[in-house]
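In what follows, a structure is listed as structure tokens, so that the remarks can point back to it.
The values are calculated or read from the model by the stated rules, or taken from the named source; none is laboratory data. Owing to the predicted nature of the structure, the values given are computational and were not obtained by experimental measurement. Note that we place each Cβ from the backbone using ideal geometry, even for glycine, and neighbour counts take in every protein chain shown.
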Amino acid sequence: MDRPFRFGVVAAHAQSRAAWVTTARRVEELGYSTLLLPDRTNVGSLAPIPALAIAAAATSTLRVGSYVFCNEYRHPVLLAREAATLDLLSDGRFELGLGAGVGPSEFQEMGLPFADAGTRVGHLEETLQLMKQLFTQEKVDYNGKYYRLTGMKGYPRPVQKPYPPLIVAGAGKRMLTLAAREADIIAIGSRVPGFHADAPDASMEQKIAWIQEAAGERFAALELSQTIFDIVLTDSGANAASQQGGPPIPKRPMSTAEAVARLLEERDRYGFSYLQVYEGQMENVAPLIAELAGK
């Protein structure tokens with residue numbers, strides 16, 4: 001049975017607390033499920049943890065999430081504590097997104113080493129294992145290749161049980177295989193030109209096959225996610241030309257009916273039910289959310 005659709009808004013900027021609160025409340029009002037923040041250091045975006053806390057406090061049903069934390073920037077114990085605190089103080093409305101890093105530029109600007117892909121995926125794998133233990137166990141001892149914990153207490157406890165939904169974002173086989181084994185939600189992306197010159201992007205069919213093979217029996221329980229940053233509705237009544245921000249990708253103008261048909265077809269073919277738009281789209285594609293959310 002297909003999962004019902006839900007939609008998230010990826011937002012990153014605000015000029016004031018009032019502006020950010022207004023954005024969060026509007027996202028909730030329009031029927032979106034989640035307000036998501038990226039974890040970027042060089043684009044002038046808000047810091048995810050305090051911004052998500054403010055958004056949760058300003059709303060009542062809206063979920064908030066990271067899209068996605070760069071695992072290399074934080075020790076997993078510290079990030080687990082932040083995540084559990086956000087889940088506790090939002091009354092269980094937090095989604096924890098994790099990734100291995102988009103590319104080397106931000107690392108270089110901060111003077112941090114940018115490890116090879118295998119090492120970064122290894123770090124992330126151990127982080128996911130550690131976090132699950134910290135969220136659920138009284139005391140954690142862990143002896144991995146990259147991280148070691150001795151008698152670490154996993155406090156505070158998250159509200160969601162056994163822990164907040166884990167989102168892992170990836171495009172290549174190693175990341176998608178890891179996500180299939182460890183995540184609850186998989187954000188399937190595309191390889192970024194310039195960062196993966198030696199590995200061409202695989203087809204969506206191949207990516208789904210990798211996930212199915214690695215997930216085994218748990219595949220049916222996974223929520224599959226993708227962005228729909230390219231959609232521009234021509235009949236929404238909102239000014240499509242005013243869409244600001246978002247990635248520099250070609251836009252695809254279409255009617256609401258055409259967009260509904262496209263998303264239903266992609267859910268049937270691939271299983272995508274959790275879809276993200278960027279902040280500049282949220283008014284334009286609101287009719288799409290009204291048509292499909294929860295169905």
Next on the checklist: Step by step: first the residues of the range 101-145, then only those that are part of a loop (DSSP other than H, G, I, E, B) and within 23 Å of the chain's Cα centre (by Cα), then the one that is nearest to residue 74 (Cα to Cα). Which residue is that?
Outcome noted: 101
Checklist outcome for this item: Flagged in the range 29-54 as out of contact with any Lys or Arg (no Cβ under 9 Å at 6 or more places or on another chain) and part of a helix (DSSP H, G or I), in numbering order, are 29, 48, 49, 50, 51, 52, 53
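Yes/no matrix, rows are residues, columns are (1) crowded, with 24+ Cβ neighbours inside 10 Å; (2) acidic (Asp, Glu):
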| residue | (1), (2) |
| --- | --- |
| 39 | no, yes |
| 44 | no, no |
| 50 | no, no |
| 55 | yes, no |
| 67 | yes, no |
Checklist outcome for this item: Pairing a residue in the range 182-200 that is assigned by TED's automatic domain parsing to the domain that holds residue 98 and among the charged types (D, E, K, R) with any residue that is at pLDDT 55 or above and surrounded by 14 or more Cβ atoms within 10 Å (Cβ to Cβ), where Cβ atoms lie under 9 Å and the two sit 6 or more apart in sequence or on different chains, gives none
Checklist entry - What is the residue count in the range 3-47 for residues that are under 28 Å from residue 270 (Cβ atoms) and either under 15 Å from the mean Cα position of the chain (by Cα) or free of Cβ contacts under 8 Å to residues at least 12 places away in the same chain (or both)? => result 16
Checklist outcome for this item: Of the residues in the range 134-185, those that are under 24 Å from residue 115 (Cβ atoms) and polar (S, T, N, Q) number 2
Checklist outcome for this item: With the first residue restricted to the range 86-113 and required to be closer than 23 Å to residue 182 by Cβ and touching a residue at least 12 places away in the same chain (Cβ under 8 Å), and the second required to be aromatic (Phe, Trp, Tyr) and surrounded by 18 or more Cβ atoms within 10 Å (Cβ to Cβ), Cβ contacts under 6 Å at 6 or more apart or on different chains are 86/94; 87/94; 97/67; 98/69
Checklist outcome for this item: Here the residues within the range 85-118 that are among the aliphatic types (A, V, I, L, M) and closer than 17 Å to residue 168 by Cα are 96, 98, 100, 102, 117
Checklist entry - Counting only residues that are among the charged types (D, E, K, R), modelled with pLDDT of 95 or more and over 12 Å from residue 170 (Cβ atoms), which one in the range 195-217 is surrounded by the fewest Cβ atoms within 10 Å (Cβ to Cβ)? => result 217
Checklist entry - residue 87: closer than 27 Å to residue 136 by Cβ and touching a Cys at 6+ places or on another chain (Cβ under 7 Å), yes or no? => result no
Checklist entry - Does residue 74 satisfy the condition of being buried (at least 19 other Cβ atoms within 10 Å of the Cβ) and of a type in the set (Lys, Arg)? => result no
Next on the checklist: Considering only residues that are of a type in the set (D, E, K, R) and closer than 14 Å to residue 120 by Cα, which ones fall in the range 174-188?
Outcome noted: 174
Item to check | Matching residues in the range 116-145 - criterion: being exposed (fewer than 14 other Cβ atoms within 10 Å of the Cβ) and free of Cβ contacts under 8 Å to residues at least 40 places away in the same chain | outcome: 116, 137, 138, 139, 141, 143, 145
